[in-house]
Structures are given as structure tokens and as C-alpha cells.
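Asks: Here it is, the structure in full.
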Ligand code: NCD
């Protein structure tokens, strides 16, 4: 994977996914250890170019680079020269001129990471481009599921909520189906893609059908910032019909695993009790996110073989 741009899981082979998950397993030991430092990326420079809000993804990419010994600089939209009207192209060329090895980019426009990969030579890692893709989130979701269930193939995974605007759902679908999971998506009709035909994915308008006997339920945030008004009647109505709460979860398998990429709209797509309840791996996802991002940085900047 040396030099590979991480744009989406669409262009990952199952073997590459397995390699990332295997590497992340080793990296997780470092995250949990007392001295969180490996020399693997000493002498490498990484830029975190975050032009859209982020807590988890930005911080975990920054820590991931630092735990591996790289020099990491984070740039946020509000404090960059983009506010003075500098274009994305010129921003990328400026960063390249400083000799950086990788640029981790988050942008509100679909295709921004791919565009960056066409403009500059450093490794480009997509940390979320509009509603398109979020590969590192999908990989940490797969990693978390595999740790709990011991496998991915054959599991019933329900992805529920705002599928239409979710880059996490899209990347999860590629990752999960490539690894042989049985994926079910559900949400209000207005938040489902209008034309959706994807091998290995079943679409439901009724949430109960999606979570019935599910091994995993991945609850998505309602992306209020990406939707026009009127896509669902009211928050209360949404919570009543589609919200994930303890009662609804009784339909799922007894040992169902609950994921949410965060940030959460509490009481809307997920109840407080579920977030902090015994099935939830939401906090663990955050830790696994650091391990996955360490794996991605190490594999793309240092190599690693299948
Ligand atoms: C997700 C994102 O930004 O796409 N969050 C994340 O990276 N942890 C999901 C979201 O914003 O709902």
C-alpha cells in the first residue's frame, strides 16, 4: 500500500482491508500502552487539512501521526488563508512545496480528496468529502465489529437513519459487502437514496425489518447541515418512528453491537440509555479510530505487504 491514496473503500481489495485491520490490531496495543511512541514515521511530515468541522477524526489523525513519530500540523478552515479567498489548488500546492509526505483532507465537497490526489504528489487521505466517502471511519467500524464478533462475513448489519447524506454509510456499505456481511439500510423515504441497487444490500423503509435479528446496528447522525428543511416532520416524530432505543433493540440479536460514528443528536437518532448501555461500542470506536489511522499512515508512508 506504499504511496496509495486513501480515497474510498470502493477501490480497496478485501486483502487490503484485511491488511489494514491486521495492522490496526498491533497499533491498538500502542494506543493502550504507557509509552505511545513508535519510530516508524520519524522524519515524515503530515498535514491535517480540515476544512469542515471535526473533533474525532482530526484529533485521531493528529495523534496517530504523532504516536508514530511524524511531524504533524493541523490546519482548520477558519484560520487558513482559504478565508482570504485562496483556492484549494493553491493551498495544496503551497503545502506540497513545504515537503510534506501526506495530506489528510476533509472538505464539504464530494470529490475534493480525489481532486487533491490529481493536483499534488503527497499521499492523500480522505477524511470525509461531502456526502461521498469516509474510508477511515468505515475501516474503524469494520475493526470494531470484527473485534466483538470475531468475523464480518455472514453478519447482519443494519445501518439506520440519514443514509442519503451519509458518507459513513456509503463507505461502510463498500467495506462491509466486500467482507461478506449482509447489509440492511433503513430510514425515512426522504433520507434514503432514490435509486439504490447494490449487491448485498437490502433497503427498508421500516426500521423494525432492518434491525430484526441484526448482529450490529450502526446508527447515523441526522445531517441537519446537509439537508433542506422538511425531510422529516419533526425531531419528535423521527425519534418515535426511527430512533434507536432499548425497546426497539429487543428485535435485534441478544448480543447486538451498537455503533455510532459521532457526533450524536441525543434523543433524536439514539437514546441516552442506548449510547451508555451495555451493547454500545461507541467509545471504543473512538479508540479504534486512532489505531486504524495509525495503520493507514504507516501502510501508505512506510509500506507493508499483503
Ligand atoms: C462523521 C462524519 O464527519 O462524516 N463523523 C465522524 O467522522 N466521526 C459522521 C457525522 O458527522 O455524522
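The values are calculated or read from the model by the stated rules, or taken from the named source; none is laboratory data. None of these values were measured; they are calculated from a predicted model. Here the Cβ positions follow ideal geometry from the backbone for every residue, glycine too, while neighbour counts run over all protein chains shown.
Asks: Output the number of residues of the stretch 83-115 satisfying the condition of being more than 21 Å from residue 302 (Cα to Cα), in contact with a helix residue (DSSP H, G or I) (Cβ under 9 Å, 6 or more places away or on another chain), more than 16 Å from the ligand (Cβ to nearest atom) and in contact (Cβ under 8 Å) with a residue 24 or more places away in the chain.
Replies: Looking only at that region, the number is 6.
Asks: Is it the case that some residue within the stretch 248-255 is at pLDDT 95 or above and under 18 Å from the mean Cα position of the chain (by Cα)? Step through it out loud before you land on a result.
Replies: Of the stretch 248-255, the ones at pLDDT 95 or above are 248-255.
Okay, now just the ones that are also under 18 Å from the mean Cα position of the chain (by Cα), so none.
Within the stretch 248-255, none of the residues are at pLDDT 95 or above and under 18 Å from the mean Cα position of the chain (by Cα).
Asks: Please go through the stretch 232-270 and give me each residue that is free of Cβ contacts under 8 Å to residues at least 24 places away in the same chain and within 15 Å of the ligand (Cβ to nearest atom), ordered by number.
Replies: 266
Asks: Suppose the filter is touching a helix residue (DSSP H, G or I) at 6+ places or on another chain (Cβ under 9 Å), in contact (Cβ under 8 Å) with a residue 12 or more places away in the chain and more than 18 Å from residue 262 (Cβ to Cβ); does residue 145 pass it?
Replies: Against the criterion (touching a helix residue (DSSP H, G or I) at 6+ places or on another chain (Cβ under 9 Å), in contact (Cβ under 8 Å) with a residue 12 or more places away in the chain and more than 18 Å from residue 262 (Cβ to Cβ)), residue 145 does not qualify.
Asks: Scan the stretch 132-149 for residues that are farther than 20 Å from residue 300 by Cβ and either within 14 Å of the ligand (Cβ to nearest atom) or surrounded by fewer than 24 Cβ atoms within 10 Å (Cβ to Cβ) (or both) and report the count.
Replies: The total comes to 5.
Asks: Here is a further query. Taking the stretch 47-82, which residues are within 16 Å of the ligand (Cβ to nearest atom), within 17 Å of residue 122 (Cβ to Cβ) and either touching a residue at least 40 places away in the same chain (Cβ under 8 Å) or surrounded by fewer than 17 Cβ atoms within 10 Å (Cβ to Cβ) (or both)?
Replies: Correct list: 48, 49, 50, 51, 61, 64.
Asks: Is one or more of the residues making up the stretch 207-229 under 15 Å from residue 177 (Cβ atoms) and within 16 Å of the ligand (Cβ to nearest atom)?
Replies: Looking for residues that are under 15 Å from residue 177 (Cβ atoms) and within 16 Å of the ligand (Cβ to nearest atom), one finds at least one in the stretch 207-229, hence yes.
Asks: Being surrounded by 13 or more Cβ atoms within 10 Å (Cβ to Cβ) and more than 18 Å from the chain's Cα centre (by Cα) is the filter here; which residues of the stretch 278-294 pass it?
Replies: 279
Asks: Evaluate the following for residue 304: is it closer than 30 Å to residue 18 by Cβ, surrounded by fewer than 18 Cβ atoms within 10 Å (Cβ to Cβ), more than 12 Å from the ligand (Cβ to nearest atom) and in contact (Cβ under 8 Å) with a residue 12 or more places away in the chain?
Replies: yes
Asks: Return only the number of the condition from (1) in a loop (DSSP other than H, G, I, E, B); (2) at negative phi that residue 26 does not satisfy.
Replies: Just one mismatch for residue 26, condition (1).
Asks: Here's something else I'd like to know. When only residues in the stretch 160-171 that are in contact with a strand residue (DSSP E or B) (Cβ under 7 Å, 6 or more places away or on another chain) and either within 12 Å of the ligand (Cβ to nearest atom) or outside any strand (DSSP E or B) (or both) count, which is nearest to residue 52 (Cα to Cα)?
Replies: Kept after step one, since they are in contact with a strand residue (DSSP E or B) (Cβ under 7 Å, 6 or more places away or on another chain), are these residues of the stretch 160-171: 160-161, 163, 167, 169-171.
Next, from what is left, pick out any that are either within 12 Å of the ligand (Cβ to nearest atom) or outside any strand (DSSP E or B) (or both): 161, 163, 167, 169-171.
Working: 161: 21, 163: 20, 167: 14, 169: 18, 170: 19, 171: 18 Å.
That would be 167.
Asks: Please go through the stretch 177-198 and give me each residue that is free of Cβ contacts under 8 Å to residues at least 60 places away in the same chain, touching a helix residue (DSSP H, G or I) at 6+ places or on another chain (Cβ under 7 Å) and within 16 Å of residue 10 (Cβ to Cβ), ordered by number.
Replies: 183, 198
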